[in-house]
Structure formats: C-alpha cells, structure tokens
Amino acid sequence: AFESVPQGSVSGPSPTLHHIHSYFKNSTTMRGAFLVLFTVLLRDVLAANDTLTDFLYTVAVVEYKPLRDTTLSEEDSVDLNAQEYIALLSTTQEDLELVLFPESTLGGSTAAATEVPLPFTEVICNSTDTTYKNYLKRFSCAAIDYNTTVVVNIIERENCTSNNATGFCPSSGIIYYNSDVAFNSSGGVIGRYHKWNLFGEYGKSPPAEVELVSITTKNNNTFGMFTCFDILFAQPPLNLTRDLGLKNILFPTMWFSELPFLTALQTQQMWAQENDVNFLSAGANNPQIGSGGTGIYVGKDGPLVQELIGGTGGSSIIVRSVPRPEVENNPYRNVTPIEEDTDSIALDMDSLYLITDPSIGEYTSLVLDTNRTTVVEEVCNGDNIRLCCEFNITISVNETVANTSGNQYTYHLTAFDGIRSYSGVRDGGIESCGVLACLNDSITSCGHRFSNYSEIVWPITFESITITADFTTDENRIQFPNSLLASIRPVSPQYTEWSREVYDNVTRRSISLTRAQNRLLTFGIFGRDFSRDGELNPPGGKSVRLEHFTTAFLVCTGGIFIANFF
C-alpha cells in the first residue's frame, strides 16, 4: 500500500496558508476573536510566499518495497518498479525541489543494466535511442512532468577498452556500476555518482577514483551524495563535509540493520548529528531480511521524520519542508522532537530481522548493578590502543514490574577498541562505549533481542546516563552519539547532550541522557578509526575526482541479499 505523509514538523514565523486555514477550520472556540489575527497572518503569508524558498526547500524521500512478478523478464520487472516509483510521486501535491528513491529497488541483476548519458549532454525523455533503457527514459519524463529533480539508483553499464581511463576492462568489455543518477526538471542528467564502498556487490566495480559529486537544484540548493555502505568510511562522506563544506547530503540505501550500534535510523541520525548537516535518506524495504529505514534530519536538531516500515513491509513517500542550513539564524529551524508510541512500533518491529556485530564477544563488559540507584564505573578495552569508558548512571527499578513474569533485559556497560569485520566484506577500526541491553549476563547475548515483544517487561528506568571517553585527536578518527530504543528508533538529540573538548592530542567526548528512558536498547559513543580499516583496491587506484552537477542522489547494497528482494 502507498502512504503519502504530509509535510509539517518545522515551524517558523510565517506558516503556510494551508496550515492557517486548517487551524481555524478545526477551532471550536473564540472563532470570532481570531478573525483579525487570521487576516493579519493571511496578509503576511501572501507577502512572504515568494520568499519561502529563501528559507526552506521541500523534498520527498521514498521507502520502497519492490514488486515481484516472476513471469516478467528482468528488464520488464525493472520497468514495472519504475512505474511504481512514478505512481508514488504522483500522490504528492507539493512543488518538490527533489525526490529521492532508495538503492537497488528497481532490480538487482545486471541483465537490465543501462548506459547513462553524460551530464548535460542530452534529454532522453521520448528518445528513440535504444542505448538507454525505457525505465531510464521514464525518469527523465517524470522530472519534466513534476518539475522536480528525480534521483534514482540503477545498475549502470559502461563499454570499456583495455586503454580506457581506468586501465581496467573486464574480458566482457563491459563495466557495471552501482550508480545514482539525477535528472533535473528539464529531464536532463545533471549528476552521476558511482558507489565507492561496495558491499558484496559481486559483478559490479567501483570507479577508478573516489567521486566527490555535488549537484544544485532549481532553487539553488546544493547537495552532496554517497550511498549506503559509504557512510561507515571517510571517503567520500567526510570529503564532502570537511573538504567541500557541503551541508545537504543525499543517502539512498539498502541497509541491513545490525545491533547494537548500526541499525538504519540509528546510523542515519548519528551521522547527521555529528556532522551537523541536513541528511535525506531513502531506504529499500524488506523487514524479513532486515532492510528498511528512511528519514529527513536537520543536523544537531534531529529528525523531521523517520520511518521504518515493519510487519510485512511496504512503500511510502514522505514530504517535508526542510530549513536551508546556510541561512544564518533561520527562523524555520525549529525542530520538534518526534513523540511516538514506542511499544506499538516495537511490536511491529518483531518482524524486522536484525544481525549482530560479530565482534561483540571481544567487548569488555560489566553487568549493571540494579541494586544501586547510582552507578559510577570505568570499563576499559584494547591492547596496543586502549580505550577507557567512564559511566555515571542513575536508575530506578519498579519492583512490581520486576517481579512479574516476562523477559527482562540485562544491561551491560561495555567498551571496545579493535578491528571488526563488516560481514566479511571489509574490516573497520572501532572505538565504542555503551550501555547495552542483553539477554543475560554473558557479553555474547548483547546485540540480540527477545523474539516476542509482547512478552518483555521493563522494570528499569534510566533517569540519567553520562558516558565519557578520551580519544586520540586525529583526522582519521570520528565519534558519533549513538542510541536506540525498543522501537528501533534512536533517542531524540533534544533529549541528550553531546560534547567535545580538545586538549592537545586528546579529544574528550561525552554523551548524556537528559530525559528518563525505560525502553532503552543502546546508549553510547560509536567511534571509527579509519587508519585501521582494511584496504579497498579498486581498478585504477585511489585518487579523488571532484565533480559538480546541478541536482542530486545516493545508494548501498549487499549483493548476497539482492536476490531475496525480487
């Protein structure tokens, strides 16, 4: 089923005419007293209508579960899903700056791969050129029809020769890429990004060099882009923010959620918060294999919206007006924390398959003593490099709930400083501290959930948590604020404090919980040390190529799972 989610969630001095009308239409008291106010507001809105784009841009992000029809050819199947993409877009009424679709939900096979025009060379809507597949032409036409930038993820094919620019050419003479393609409102390709950090995507190649792609949309908003697995590495994400100073990021993804630190929305929020950027994500949805997660985030202020469709899965398009980050003291940058029924969402998340950090057994842990209301402890881990995490925790225990039948989580205070594997695809250096919900006293039970949410009881309330650790000051290191509730949503940044102090070569990071929580799965600091990552060896080397286009898009996948989507 399609769900169209209306815009909202940011407030400012000049609400839209629709919002003002809705308020008065639904008001049952003092209607006459507000008549003068309504007139004044109406005047202000009409006067400001032509300047709202100076403060806001309106975008759509899509969570999408692919349609499956085994009677169709691979190319026809891709075309069917392309039509469904456009059907979702047709449900929106807003003047969109951009619509972002997920990674790898059109199709997972190279059989339907298409060539892509070079940016700014031609418009392929209604083209008779068979070089380009019909589904790609549909997106060119959709961008024109809806006067917006359309960003899609596809499998791109490129003819090559032994003396091409990369110095790499398979015996087939064809290279396949995981590609994000952006069409502007005139239907032309204005940007392409070839995914750099592939995740088990056998048969596809990274580009010859890292691509730093930025694109500018119709109202002069500039976006950088990267795809899924890229988010866990320095290149290209931190090149875009640190080196180019970009403040709007597009992130198409097929994410496979992992406990305790790397579920989809948890990862998106931590990255947006630490880098203080507007972050737009579009997630492929299939909860039975652990995929899903879509959101729009306003940097340190947190999410305007987050969605991960559970149950049997589904598709939705979410529209929001987003404050422009380059506007100093933007009056519309007023994000209200999302208030949701954690238990009802958590019940729906029972169907979401979650993997576990394979290095969990290497963590150092201390079981939280629930007989104490205040717990102050230090937990350390590591050999040559040693990380010590300081915990200061205040809890309360509901003894009535504690004495009822039901599954109860055991909380561990943990530290880890080492190297982990990402599903055997790459290794990564990790520096983490956390309060983790575990099934029992064993550290190997951490990163797992009880299978039936309705049978869980929650006697422990965390009144406050402060976790502090010192990290080496190094451009190869970054730390993120990390949290997760039973709903598989993170705690709002507005209910936490996240600080950084630098003393010569030491960076002290501290995260605090400022609002009591009693459905906590994870709370801590997730750090990366890129200097300890395993090597990525693309054809042609590792130099950086800088590109600027005028529009935007993103992607990530695990090739071993793609077949399960279709």
In Hz, Karplus ³J(HN,Hα) per residue of the range 418-428 (6.51, -1.76, 1.60; θ = phi - 60°; x = Gly, Pro): x, 10, 10, 9, 9, 6, x, 7, 9, 9, x
Taking D69, D180 and counting other C-beta atoms within 10 Å, the order from fewest to most: D69, D180
Label-point separation in nm, S109 to E74, each point 7 Å along Cα→Cβ: 0.5 nm
Residues with amide H under 5 Å from that of G293, placed H, sequence gap 5 or more: G283, I309
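Please tell me the relative contact order of the range 102-192 in percent, rounded to the nearest whole number, where contacts are Cα pairs under 8 Å and at least six residues apart.
The normalised contact order for the range 102-192 reaches 36 percent.
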D529 long-range amide H proximity, modeled H, under 5 Å: G429, I430, E431
Förster radius 22 Å - calculated FRET efficiency between V401 and A516, Cβ distance, rounded to 0.05: 0.90
Highest-first arrangement of 92-105, 312-325, where packing means the average Cβ count within 10 Å: 92-105, 312-325
By average C-beta atoms within 10 angstrom, highest first, the peptides 55-64, 388-397: 55-64, 388-397
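Readers should treat all values here as calculations from the given coordinates under stated rules, not as data from a laboratory. This one's a predicted model, so the numbers in the text were calculated from it and none came from an experiment. Here Cβ is always computed from backbone atoms with ideal geometry, including for glycine, and neighbour counts include all displayed protein chains.
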